[in-house]
Structures are given as C-alpha cells and as structure tokens.
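J.: This structure is in structure tokens; I'll ask about it shortly.
The values are calculated or read from the model by the stated rules, or taken from the named source; none is laboratory data. All values reported here derive from a predicted model rather than from experimental measurement. In this analysis, Cβ positions are derived from the backbone assuming ideal geometry, glycine residues included, and neighbour counts consider all displayed protein chains. When the accessible area is computed, the model is the full protein with side chains, heavy atoms only, and any ligands, DNA or RNA have been set aside. Shrake-Rupley method; radii C 1.70, N 1.55, O 1.52, S 1.80 Å.
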Amino acid sequence: MALVDDHPVAGLVRRSIVNDAERRSAWLPFFSVLDVDQTVQLALKADAHVRSAPEDLPLRGRQARMTDPESAVFALENSSSGDPRMTPTESHRDVGSPALLARDPAHEASFISAC
C-alpha cells in the first residue's frame, strides 16, 4: 500500500497467472462511488461490461471490476475504511490526474458522464 500522510493512495497486488498466460503489469484505476451496485447498473446502460461482479472484500469494502466501451479496465469501490472527500476541483497532493487515451474521446466522455 502506498501512503501519503498516512492515507492510502495506491496499492500493488501480485496477480495469479491463468493457463500460463504472459505476466505483465497493468494499472487498475479505482473510482470511489457511494453505491457500487447502482453504479454498475449505470455503467452497463452506457455500454460497459462486468469483469467481476460486485463483491464484499475483507478489509477493503465493496468492489466490482469493469471495462468501458473501448475495453479499458477500471474498478468501482466503496471503501470499508472510508474515502477522503474531495471537491470536483480539488486534487490530492502531488498525485497527477490519470489520463484516458481513447480512440473516440467524445464517446468515452459520454460514457463517463453517464456513470
């Protein structure tokens, strides 16, 4: 777990290899939401796909993994330890904002707005 001022901001996990698949690193962005199940339904209506259904994970909270309409993987989470409250214009310390490299930025923006 990576911390900034004792607050978790990132984590590292070793993934299992299935059927001798190639091991490669990947970022998995988490979006903090108030209701994972409701947000999954909104994302599905906006052409997302479920990779792992909502589930409660010990010491983490409720999570689901999904792909957006262009197959970018992301996760939804409602943390059992609580998430820091931020205003839409506030950034967290020196951590840069993630960038989505999309084939169709307008379609991706529409998807994100729908969720």
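J.: Would you confirm whether any residue within segment 96-114 is in contact with a Lys or Arg (Cβ under 9 Å, 6 or more places away or on another chain), assigned to a helix (DSSP H, G or I) and at pLDDT below 90?
T.: For segment 96-114, residues in contact with a Lys or Arg (Cβ under 9 Å, 6 or more places away or on another chain), assigned to a helix (DSSP H, G or I) and at pLDDT below 90: present.
J.: Please identify the pairs in which a residue from segment 27-42 that is under 11 Å from Ser79 (Cβ atoms) has its Cβ atom under 8 Å from the Cβ atom of a residue that is open to solvent by less than 70 Å² (accessible area, probe 1.4 Å) and modelled with pLDDT under 85, counting only partners at least 6 apart or on another chain.
T.: Close Cβ pairs satisfying both conditions: Ser32/Asp83.
J.: Given the conditions (1) at pLDDT below 95; (2) touching a Lys or Arg at 6+ places or on another chain (Cβ under 7 Å), and given that Arg60 satisfies all but one, which numbered condition is not satisfied?
T.: (2)
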